[in-house]
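Notes for the one structure printed next.
The values are calculated or read from the model by the stated rules, or taken from the named source; none is laboratory data. Note that the coordinates shown come from a computational prediction; the quantities given were computed from them, not determined experimentally. We place every Cβ from the backbone using ideal geometry, glycine too, and count neighbours over all the protein chains shown. We work out accessible area using only protein heavy atoms, side chains counted, and drop any ligands, DNA or RNA first. Shrake-Rupley method; radii C 1.70, N 1.55, O 1.52, S 1.80 Å.
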Amino acid sequence: MSDFNAIKQALVACDQEKLIGLVNEGVSKGISASDILNQGLIAGMDIVGEKMENGDMFIPEVLMAAKSMGECVEILKPLLGGNESAVSGSVIIGTVKGDLHDIGKNLVAMMMESAGLIVHNLGVDIDPADFVAVIKEKEARIVCLSALLTTTMPMMKQTVDAITEAGIRDRVKIMVGGAPVTQAFADEIGADGFAADAGSAARLAKSLAV
Ligand code: B1M
C-alpha cells in the first residue's frame with residue numbers, strides 16, 4: 001500500500017496513533033509535507049465526507065477523524081511554512097456564524113502566516129458584528145470568511161453587508177472560501193476575492209495586502 005493510501009485508511013479508521021506514526025514516518029522518509037497534507041490527509045477527509053453523506057460514518061467518528069487530522073497538521077506545520085519575509089497588512093479570518101468547521105480555515109490561516117501576513121484567527125461561529133468589531137480594533141486590511149455548509153453561505157453575505165453598513169467596507173478587502181463557495185458566489189455577494197484552497201488563499205491575500 002502506498003504511504004498516502006495508508007494515511008487515508010488510518011484517518012478513515014479514526015486510528016490516531018497509527019495515523020500520527022504514518023505521518024512521522026512519511027516525514028522521515030523525505031515525503032514533502034504538502035504531499036502528505038494534500039494526497040494523504042485532505043484526500044482522506046474527502047472519503048470521510050463521502051461516508052458521512054452516505055450514513056457510513058457518524059458525527060462522533062467524524063469528530064475523531066477531524067481531531068486526528070488536527071494533530072497531524074501540527075506535526076506538518078513547521079515544514080509547510082514558506083520562508084518569505086513579512087509583508088505589511090493584517091488579516092482577520094473566521095468561520096461564519098452557524099458554522100463549526102475549522103480545519104480548512106486553520107490551514108488557510110497557517111499558510112497566510114507562513115507567507116508573512118499577520119493573522120488574527122477568530123475561530124468558528126463568528127457573528128457579523130464581531131467581524132466588524134475586530135476589523136475596527138485591529139485595523140485589518142483583509143477579511144477572510146470561511147463556510148463549509150450551503151446553509152451558512154448566506155451568512156457570508158450578511159457579514160459583507162454588516163461590514164458595509166458599519167461604514168468600513170472601503171477599508172478592507174473581503175475574501176471568501178470553503179468547499180461549497182465559488183467565484184460566482186463571491187461575485188454575487190460583493191466579495192473582493194475567492195480562493196479554492198489554502199495556498200491560493202495565501203497568494204491572493206498577499207496580492208491584495210500590498
Ligand atoms: Co461537516 N459537513 N457537518 N462536520 N463535514 C461537511 C461540510 C459535508 C459536505 C459532509 C457531507 O455530508 N458530505 C456536509 C455539508 C453539506 C452541505 O452543506 N451541502 C456537512 C454537514 C451536513 C455537517 C452537519 C450539518 C452534520 C450534522 O450535524 N448532521 C454538521 C454541521 C455543524 C455546524 O457547522 N453547525 C457538521 C459537523 C461536522 C463536524 C463537527 C463533525 C466536523 C468538523 C470538525 C472541525 O472542523 N473541527 C465535520 C467535518 C470534518 C466535515 C467534513 C467531513 C470535512 C471538512 C474538512 O475539514 N475538510 C466535510 C466533508 C468534506 O468537506 N469533504 C463535512 C478538510 C479541509 C482541509 O477542507 O474545509 O474544504 P476544507 O478547506 C479547504 C478549502 O475549502 C479552502 O481551503 C481549505 C484548505 O485547502 N478554504 C478556504 C476553507 N476555508 C477557506 C476560507 C478562505 C479561503 C479558502 O478564505 C478566503
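Can you go through Val181, Val143 and tell me which one is surrounded by 17 or more Cβ atoms within 10 Å (Cβ to Cβ) and more than 8 Å from the ligand (Cβ to nearest atom)?
Val143
Each row is one residue, and each column tells you yes or no for (1) in a helix (DSSP H, G or I); (2) at pLDDT 95 or above; (3) not hydroxyl-bearing (Ser, Thr, Tyr).
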| site | (1), (2), (3) |
| --- | --- |
| Ile20 | yes, yes, yes |
| Val27 | yes, yes, yes |
| Asn38 | yes, no, yes |
| Met45 | yes, no, yes |
| Leu63 | yes, no, yes |
| Ser68 | yes, no, no |
| Asn83 | no, no, yes |
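What residue, of Met153, Met112, is open to solvent by 10 Å² or more (accessible area, probe 1.4 Å), more than 8 Å from the ligand (Cβ to nearest atom) and in contact with a helix residue (DSSP H, G or I) (Cβ under 7 Å, 6 or more places away or on another chain)?
Values: Met112 fails: open to solvent by 10 Å² or more (accessible area, probe 1.4 Å).
So the residue among Met153, Met112 that is open to solvent by 10 Å² or more (accessible area, probe 1.4 Å), more than 8 Å from the ligand (Cβ to nearest atom) and in contact with a helix residue (DSSP H, G or I) (Cβ under 7 Å, 6 or more places away or on another chain) is Met153.
List pairs: first in the stretch 108-119 and of a type in the set (D, E, K, R), second crowded, with 21+ Cβ neighbours inside 10 Å, Cβ under 6 Å, 6+ apart or cross-chain?
Going by the 6 Å Cβ cut-off, the qualifying pairs are Glu113/Val119.
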